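Chemist: Next up is a structure, given as structure tokens.
The values are calculated or read from the model by the stated rules, or taken from the named source; none is laboratory data. Not measured: the values here are computed from a predicted model. Every residue, glycine among them, receives a Cβ derived from its backbone with ideal geometry; neighbour counts consider all protein chains shown. Only protein heavy atoms, including side chains, enter the accessible area calculation; ligands, DNA and RNA are left aside. Shrake-Rupley method; radii C 1.70, N 1.55, O 1.52, S 1.80 Å.
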Amino acid sequence: MSRLDSAIRRLQAQKLSLEWAVSAIGDRSGNAIELGLGNGRTFDHLRSLMPDRPFYVFDRQVAAHPDCIPAKDRIFLGDFRETLVQARDQLGPTVLLAHLDIGTGEKQTSIALAAEIAPLVDALLADGAVVVSDQPVELPRWKDAPLPDGISPGRIHLYRIAAT
Ligand SMILES: C[S@@+](CC[C@H](N)C(=O)[O-])C[C@H]1O[C@@H](n2cnc3c(N)ncnc32)[C@H](O)[C@@H]1O
């Protein structure tokens with residue numbers, strides 16, 4: 001597969017997965033979060049799908065397209081390891097949808113980062129929440145959810161959060 005084909009499939013998997021996640025939480029009330037604002041591409045898509053849901057983003061910097069910059073009070077700016085702790089104090093376990101898009105391109109580093117921050121994300125998740133993650137995560141209450149048709153295993157990871 002060419003790198004172009006691979007990039008297209010990755011973006012298609014991301015789009016289908018985010019759409020699955022929004023549909024899975026339906027109209028339950030709760031917050032959404034995204035780790036990794038980047039250039040704001042997935043933030044922009046998610047906010048178009050759930051315009052009325054409070055949606056917080058995390059990144060160490062704001063470098064998004066000018067049209068895709070969240071309101072100041074919806075940005076946790078800094079290292080995930082610190083801002084997720086702040087978010088726990090501010091939001092509590094109110095998050096119904098979490099998108100982890102944290103990859104740096106260095107696979108082992110990204111997997112290690114996901115393993116380190118996943119318990120901090122977990123502390124924010126309400127029972128029945130859904131997680132879309134670019135990295136695999138193993139935590140007791142994160143249960144694998146089936147991938148939407150057309151996505152190859154391993155390309156993206158979907159979880160439902162079991163009740164405690
Ligand atoms: C793959 S990009 C996100 C792409 C974005 N979702 C989009 O669609 O444009 C990953 C982002 O994670 C951020 N990031 C990586 N490690 C981080 C850390 N430890 N703390 C805070 N931000 C981090 C990077 O700054 C980068 O913007």
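Chemist: Sorted by accessible area (1.4 Å probe), largest first, how do ASP27, ASP144, ASP79 line up?
Modeler: ASP27, ASP144, ASP79
Chemist: While we're on this one: Please list the non-local residues whose amide H lies under 5 Å from the amide H of ALA145, H modeled 1.01 Å from N, same-chain partners needing a gap of 5 or more.
Modeler: Under 5 Å from the amide H of ALA145: LEU158, TYR159, ARG160.
Chemist: Give the accessible area for VAL85 in Å² (nearest 10); use a 1.4 Å probe, count only protein heavy atoms, and leave out ligands, DNA and RNA.
Modeler: VAL85 has an accessible surface of roughly 70 Å² with all protein chains in place.
Chemist: Near the amide H of TYR56, under 5 Å away, which other amide H atoms are found, from residues 5 or more places off or on another chain, if H is placed in the peptide plane?
Modeler: Residues meeting the criterion, in which the H sits 1.01 Å from N, are ALA32, ILE33, GLU34.
Chemist: Quick one: give the max-minus-min coordinate of the C-alpha atoms of the chain along each principal axis, largest first, in Å.
Modeler: 45, 38, 32
Chemist: If the cut-off is a Cα-Cα distance under 30 Å, which lysines reach LYS107, setting aside same-chain residues fewer than 8 apart in sequence?
Modeler: LYS15, LYS143
Chemist: Further, regarding this structure: I want to check the label-to-label distance for ASP27 and ASP44. Put each point 7 Å from Cα in the C-beta direction and report it in nm to one decimal.
Modeler: Using points 7 Å along Cα→Cβ, the separation is 2.9 nm.
Chemist: Sticking with the crude label model, points 7 Å out along Cα→Cβ, report the distance from HIS65 to GLN90 in nm, one decimal please.
Modeler: Those two pseudo-labels are separated by 2.5 nm.
Chemist: Enumerate the helices in the chain for which the Kyte-Doolittle hydropathy averages 0.0 or more and the C-alpha atoms extend at least 20 Å along the helix's axis, using complete DSSP H runs.
Modeler: The answer, listed by residue number, is 3-25, 107-122.
Chemist: I'd like to check one number: the per residue accessible area of the stretch 1-79, probe 1.4 Å, reported in Å² as a whole number.
Modeler: Accessible surface, normalised per residue, equals 58 Å².
Chemist: Oh, and also: Show me, for the stretch 60-76, the HN-Hα J-couplings you get by feeding each phi into the Karplus relation (A = 6.51, B = -1.76, C = 1.60, θ = phi - 60°), rounded to Hz, glycine and proline as x.
Modeler: For the stretch 60-76, the Karplus-derived couplings read 7, 8, 9, 10, 7, 3, x, 7, 10, 9, x, 4, 3, 7, 10, 10, 9 Hz, x marking Gly and Pro.
Chemist: Give the residue from ALA63, LEU120, PRO153 lying farthest towards the positive end of the charge dipole for the chain; charges sit on Cβ (+1 for Lys and Arg, -1 for Asp and Glu) and the dipole is referred to the Cα centre.
Modeler: PRO153
Chemist: Heavy atoms only, probe 1.4 Å: what % of the accessible area of the chain goes to carbon and sulfur, would you let me know?
Modeler: Looking at the chain in its full context, I get 51 percent from C and S.
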